[in-house]
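Take a look at the structure set out below.
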Amino acid sequence: MPKNKKYIAFISFADPDRNIAEALHNFFWELGEDTYYAPGQLPSAGSIEWKQAIIKGVKESVCFLPIYTRNSIKRAWVLYESGVADCINSKRYAARVSSVSISEIEKLPSPGVYVYDLFNDESLTNLVVNILMHKPNRTKSEIEAKVRKVFHKSKFSKQIIEYAKTRWVFIAGNIPNGHFLEDSIKQLEWLKDRNKVRTRIKSFTRKLSRALLNANFSLSSCDTVPAVGHSVHLECTKHISEHKSLKKDIFEHCGLYPLDRKSRINPFSSAQLALLRNYRNIRRGYLSDKEYLIVIGGNDGTMEEFEIAKELGLKIWAIPCFGGAGLKLWQTDPDYQGHCANCIKKDEPCDTTALINFAEKL
């Protein structure tokens, strides 16, 4: 390693992904190498002190290792670090988690660079080996033998892969009401039977949740929504009870129901409007790290979640069978139709095998 270099790599990451960055740092430490892993006490992002610390860290590192996640590809300061690395011609070893596609990375600075998969044993091993190849007087065979030996024993390599494999789906929606119900009944008359709608939404949501869980997705929803969110939670709980060895993140409860519902009764006062604006910020927070938004039925709150998901670049799948926001979005744009693109009946009894096949292709 050059004498003026203190670190083997500068690990660039968004703060919500500190767990995977820390696991990478610790794995390199097991190999006897130090990385620049920005400590929590670093000056606030964007400040002059922060910029100076980042520039110093990049200059003192042999290479630049950006971790591309749903969080980092949207963070301005991560892009700033990338720009600093490019300015000093630092060798780049880009890595991604499974929820980020190569096409998304191509839109970022330095397109065309080779990207390693942190969720794949062999790709992760090759990433570390190639970075350590910058060490002088070491052959590739020597480095590879050492990395593979440590890799199979290390708890940190397992943590990296577990974190990198996690793909989040937010399932939004509810039984349609008000004008959403009125508009839907004009096309789907069976929605008049509220008991049938409730039963079918619960059944469909649980079948879909099961298919997604079996395809190794992690699910997020609002547990206090009786028909949709609670059904997601129940299926996740059942999945956990049936499997003894599971990854840590299976279900995440987030959402604003019933607070949001109450605030929309007569949202015309300045205080209520301010509350709704604040709710948008909260929604942005819990949707920012998700890969997919799936819409089942739904009303105004669901439409707001869709609008924010679209702004954030989430992939969207709208289910038309239950009317509401799902049907409206399904009719708006073919890109939102997904598995339901050729749906004709829109009466819910989907084939479970078809749902499983679709989940596995996401």
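The values are calculated or read from the model by the stated rules, or taken from the named source; none is laboratory data. Note that this is a predicted model, so its numbers are computed, not measured. Cβ placement follows ideal geometry from the backbone for every residue including glycine, while neighbour counts extend to all protein chains displayed.
Before moving on, here are some points about what is shown:
- Condition met for residue 146 (of a type in the set (D, E, K, R), touching a Leu at 6+ places or on another chain (Cβ under 9 Å) and over 25 Å from residue 331 (Cα atoms)): yes
- Check on residue 157, small (Gly, Ala, Ser) and surrounded by 18 or more Cβ atoms within 10 Å (Cβ to Cβ): yes
- The listed residue being in a helix (DSSP H, G or I), surrounded by fewer than 18 Cβ atoms within 10 Å (Cβ to Cβ) and touching a residue at least 12 places away in the same chain (Cβ under 8 Å), out of 203, 231: 203
- Restricting 128, 78, 84 to those that are aliphatic (A, V, I, L, M), more than 22 Å from the chain's Cα centre (by Cα) and within 23 Å of residue 156 (Cβ to Cβ) reduces the list to 128.
- Scanning region 316-332 for residues being free of Cβ contacts under 8 Å to residues at least 40 places away in the same chain, out of contact with any Pro (no Cβ under 9 Å at 6 or more places or on another chain) and either aliphatic (A, V, I, L, M) or surrounded by fewer than 19 Cβ atoms within 10 Å (Cβ to Cβ) (or both) gives a total of 3.
- Residue under evaluation residue 104, criteria (1) at pLDDT below 95; (2) under 18 Å from the mean Cα position of the chain (by Cα); (3) buried (at least 19 other Cβ atoms within 10 Å of the Cβ), criterion not met: (3)
- Pick from region 285-343, criterion in a loop (DSSP other than H, G, I, E, B) and under 19 Å from the mean Cα position of the chain (by Cα), ranking: farthest from residue 171 (Cα to Cα): 313
- Within region 30-79, considering residues that are buried (at least 16 other Cβ atoms within 10 Å of the Cβ) and among the hydroxyl-bearing types (Ser, Thr, Tyr), the one modelled with the lowest pLDDT: 37
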